[in-house]
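Report on one structure; see the data block that follows.
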Number of protein chains: 2
Amino acid sequence: MNEPKKQLHLNLFILSTGHHEGSWRHPDAQPQLATSLDYYQQLAKTAERGKMDSIFLAEKYRLTPLIKYRVIPQLEAFTLLSAIAAVTEHIGLTATASTTYNEPYHIARKFASLDHISGGRTGWNIVTSTGDATAHNFSKEHHLDHKVRYERGKEFVEVVKRLWAGWSENSLLVDKQSGIYADVSRIKGAEFAGEFFSVKGALNIPRSPQTHPVLVQAGSSEDGKQFAAELAEVIFTAQNTMEEAIAFYTDVKSRLKQFGRSEDKLKILPGFIPFVGDTEAEAKAKERELNKLAVSEYGIRSLSDLLKINLFQYPLDGPVPLEDLPSIDEIQGQKARFQLYVDLARRENLTIRELIIRTAGGRGHFTFAGTAVQIADEMERWLVNGAADGFNLMPALLPGGLDDFVNKVIPELQKRGIYRTEYTGSTLREHLGLTLEHELVTRS
Amino acid sequence: MNEPKKQLHLNLFILSTGHHEGSWRHPDAQPQLATSLDYYQQLAKTAERGKMDSIFLAEKYRLTPLIKYRVIPQLEAFTLLSAIAAVTEHIGLTATASTTYNEPYHIARKFASLDHISGGRTGWNIVTSTGDATAHNFSKEHHLDHKVRYERGKEFVEVVKRLWAGWSENSLLVDKQSGIYADVSRIKGAEFAGEFFSVKGALNIPRSPQTHPVLVQAGSSEDGKQFAAELAEVIFTAQNTMEEAIAFYTDVKSRLKQFGRSEDKLKILPGFIPFVGDTEAEAKAKERELNKLAVSEYGIRSLSDLLKINLFQYPLDGPVPLEDLPSIDEIQGQKARFQLYVDLARRENLTIRELIIRTAGGRGHFTFAGTAVQIADEMERWLVNGAADGFNLMPALLPGGLDDFVNKVIPELQKRGIYRTEYTGSTLREHLGLTLEHELVTRS
């Protein structure tokens, strides 16, 4: 009897007209639908037709002036995912929420509520946010230091897990006869007093189908990797090549043991931008068409923001000024992405213009243009070589790039026996082949 | 030609199995559905069939030990209303959010998002929360003082209105040809620095259909009334008799002028608990049946909490110990309700048991049992005598009490020409016959 094949997990990262910064200018793009519920519901339904594990929404608490050149507006994650939950049945719903600018009690309530509403389909992408511009929207002068942010993040996660696990399965007696609704001895307060938070009471929402959302993490810095190894069930990461991805995968998986976790408890999903064509030439033409739509001023500005240097003072067709960049130690946010861009520019000896084009489609994520068979080959290669447990799909153009993928690549993956043909579970954690860890319910 | 008749506005206050504290014990009650999306969607659809202006959800950030005797759990307001928005078309969606335990930037985003998702149907019930138990869930030792809470609340509202109005109607150019997506000169940051909040940036969600939610207020203390007169478009209030309601209505409406507002800019909706029967006797029997289901220990405890005195040390059938109560000046939260209970007990010379029964159904709100004609008579009487612009409907038992009201009382109100037979507008503000005030968009 054959060993069952390792299964691929797919998450759809939804972003307005697509992940390519020029996507909104494409003739097929409908940027005026960036705040339309129906648009997002349709994307989610397509992903569900493709039997994907989850959809995922990023979330920022500030507006960048780069909106001049790009579709930035997006509906708030919890309200949008809840309205999507109402019209879908299976697909997971992963919301980003920051531990730096939120209160644990609120976040615990929102996820518990969404988990009830969706029948156990929630995931939480835990972020610590970046930049002083966000701090300035929350009555703070400065953003917290990288290290402090992660310490606060860990404490935040501990508090919300206590809140979620505070309700026993059988807390509610609902005894109409005696008039006793709840057994209050089976509902525990958080009773937490730490460095960043004190939260005393119990959650006012009963235990949800998953107890708590699947915990997702997306930082790939040293602190980020440790955080993920200790607490996360899924990690989103940006890896430009399979070799880099294997190194990252091996590194992160090897860290799990120190926290008493087995390697299969954390699923690693690198970002992936596929361009699907009926021929390889058609696929590459699609990629080129989008690259031509990128606005170079946007590219120079966003690259300047990331690399912490004013690139307008350098020739666009000259080399990326690697020697003038700050050192990685000076970088406070998006450390891993900074390193990824520097490595890419150095390895391929890129000019500024070339680096902008190379990253316009997916900010350094793995990009591949080809036929459905070629794309499936590439995905299977990453899967079997220990580079990924699946992918965080980031279509360059939406909805077209998603439609292409679901209609053409998904059947190819299914034919190979590495991807589900039907949902077998009902919760996101079941889709991912995971079970609940770190149960806190026994404390009392 | 006849003057058009003054129109009645109806809001449905949704609370698990109903507003009567014993409702969950009723044979028809389904307390196990307290966290079921479908249950709330059905209630909203019934209210929409009844052409009501809005549904409304209260929201607390703590769990009371009184859950022992009563259904307390409720889904989080934004996630629940968004999932309801997805399956309704007309009805308004009013969420409670506290200005004491939230950040303006988050609240502005959530309402803007829900307003987009629902096509302009949102309302915001602005509360300042009560009690140290809430503070303890947010890393605070004590709840803020009454006066400070309202000062913070006013500043909070100013900040979110700046954020909502920061986007001009024509901020988005979406010019695919030139590559310019937004005219950043038409998107203003809040640029606010006050006593409680500093918020610099602009919202990252474009102007929503209503620009901002209908502003609702529910405090009836002196501070609450001033707050409402200055800022609110709807006020929910608890009035036990028509005479008290007229005094309140006259008082609040007279305060509008000092803020340059006309009296029709604020709709006053007293709470109303109707018991509908085919005969008066049947209606009264329904009320008695629920009163019998109230658990007296719950009543004594919750009354003790409200009156700030341990009533277990007094005989249940003795008089309410009015002389032992603290003075109104010492009360920090629910001041108006404290006064209402004291007045009721004094006026009717009630025992503790009688006060519990009188308030079990609706915590002092106007309660009336009768036929559909009698109930419509009573509602019309309040409307034409200047006691109300409509009602905040609080069915004692859900869904039955709502079904009765929609099936029997609504047609009676429609026959009299004092209630809509079809929705004529699409936004909640239009349902209420209001237009947007306090436009901040001109500042620049």
Open item on the list: Restricting to region B:306-324, name every residue that is in contact with a Leu (Cβ under 8 Å, 6 or more places away or on another chain) and either over 12 Å from B:LEU355 (Cβ atoms) or in a helix (DSSP H, G or I) (or both).
Closed with: B:LEU307, B:LYS308, B:ILE309, B:LEU311
Open item on the list: So for region B:398-421 (the condition being under 28 Å from B:ASN291 (Cβ atoms), touching a residue at least 40 places away in the same chain (Cβ under 8 Å) and aromatic (Phe, Trp, Tyr)), does at least one residue qualify?
Closed with: yes
- [ ] Return the residue satisfying two criteria in turn: it lies in region B:144-170 and is in contact with a helix residue (DSSP H, G or I) (Cβ under 8 Å, 6 or more places away or on another chain), farther than 30 Å from B:SER220 by Cβ and more than 10 Å from every other protein chain (Cβ to nearest Cβ), and of such residues it is surrounded by the fewest Cβ atoms within 10 Å (Cβ to Cβ).
- [x] B:ASN170
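Here's the yes/no breakdown for (1) farther than 18 Å from A:PHE338 by Cβ; (2) assigned by TED's automatic domain parsing to the domain that holds A:ARG381; (3) surrounded by 19 or more Cβ atoms within 10 Å (Cβ to Cβ); (4) in contact (Cβ under 8 Å) with a residue 40 or more places away in the chain:
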| site | (1), (2), (3), (4) |
| --- | --- |
| A:THR211 | yes, yes, yes, yes |
| A:ALA232 | yes, yes, yes, yes |
| A:THR241 | no, yes, no, yes |
| A:GLU263 | yes, yes, no, no |
Open item on the list: With the structure loaded, tell me whether A:LEU66 is more than 7 Å from every other protein chain (Cβ to nearest Cβ) and either over 24 Å from A:SER113 (Cα atoms) or without any contact (Cβ under 8 Å) to a residue 60 or more places away in the chain (or both) or whether it fails that test.
Closed with: yes
- [ ] Scan A:THR88, A:THR46 and give me the residue that is touching a residue at least 12 places away in the same chain (Cβ under 8 Å), within 11 Å of chain B (Cβ to nearest Cβ) and surrounded by fewer than 21 Cβ atoms within 10 Å (Cβ to Cβ).
- [x] A:THR88
Open item on the list: Criterion first (in contact with a strand residue (DSSP E or B) (Cβ under 8 Å, 6 or more places away or on another chain) and not hydrophobic (A, V, I, L, M, F, W, C)) does A:ARG109 satisfy it?
Closed with: no
Open item on the list: Quick check on A:LEU173: is it within 14 Å of another protein chain (Cβ to nearest Cβ), touching an Asp or Glu at 6+ places or on another chain (Cβ under 9 Å), within 25 Å of B:PRO31 (Cα to Cα) and not small (Gly, Ala, Ser)?
Closed with: yes
Open item on the list: Within region A:122-132, does at least one residue satisfy the condition of being within 11 Å of chain B (Cβ to nearest Cβ) and farther than 18 Å from A:GLU233 by Cβ?
Closed with: yes
Task: Selection status of B:LEU340, touching a Phe, Trp or Tyr at 6+ places or on another chain (Cβ under 8 Å), among the hydrophobic types (A, V, I, L, M, F, W, C) and outside the structural domain of B:ARG49 (by TED's automatic domain parsing) - done: no
TODO: Being in contact (Cβ under 8 Å) with a residue 60 or more places away in the chain and either crowded, with 20+ Cβ neighbours inside 10 Å or not acidic (Asp, Glu) (or both) narrows it down to one of B:LYS308, B:LYS292, so name that one.
DONE: B:LYS292
Open item on the list: With the structure loaded, tell me whether B:PRO27 is more than 10 Å from chain A (Cβ to nearest Cβ), in a loop (DSSP other than H, G, I, E, B) and either free of Cβ contacts under 8 Å to residues at least 40 places away in the same chain or among the β-branched types (Val, Ile, Thr) (or both) or whether it fails that test.
Closed with: no
TODO: Please work out which residue is surrounded by the fewest Cβ atoms within 10 Å (Cβ to Cβ), limiting yourself to region A:91-109 and to residues that are aliphatic (A, V, I, L, M) and in a helix (DSSP H, G or I).
DONE: A:ILE107
- [ ] Residues being touching a strand residue (DSSP E or B) at 6+ places or on another chain (Cβ under 8 Å) and hydroxyl-bearing (Ser, Thr, Tyr): count how many of those fall in region A:209-237.
- [x] 2
- [ ] With respect to B:PHE138, determine if the residue is aromatic (Phe, Trp, Tyr), surrounded by 21 or more Cβ atoms within 10 Å (Cβ to Cβ), within 10 Å of chain A (Cβ to nearest Cβ) and free of Cβ contacts under 8 Å to residues at least 40 places away in the same chain.
- [x] no
Open item on the list: Looking for something surrounded by 19 or more Cβ atoms within 10 Å (Cβ to Cβ), within 18 Å of A:GLY219 (Cα to Cα) and acidic (Asp, Glu) - is there at least one such residue anywhere in region A:322-334?
Closed with: no
Task: Filtered residues of region A:298-342 (kept if modelled with pLDDT of 90 or more, within 26 Å of A:PRO270 (Cα to Cα) and of a type in the set (Asp, Glu)) - done: none
- [ ] Would you check if A:VAL199 is of a type outside the set (Lys, Arg), within 8 Å of chain B (Cβ to nearest Cβ) and surrounded by fewer than 19 Cβ atoms within 10 Å (Cβ to Cβ)?
- [x] no
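The values are calculated or read from the model by the stated rules, or taken from the named source; none is laboratory data. The shown structure was predicted, so the numbers you read here are calculated from the model rather than taken from an experiment. FYI the Cβ positions are ideal-geometry reconstructions off the backbone, even for glycines, and counts take in every protein chain you see.
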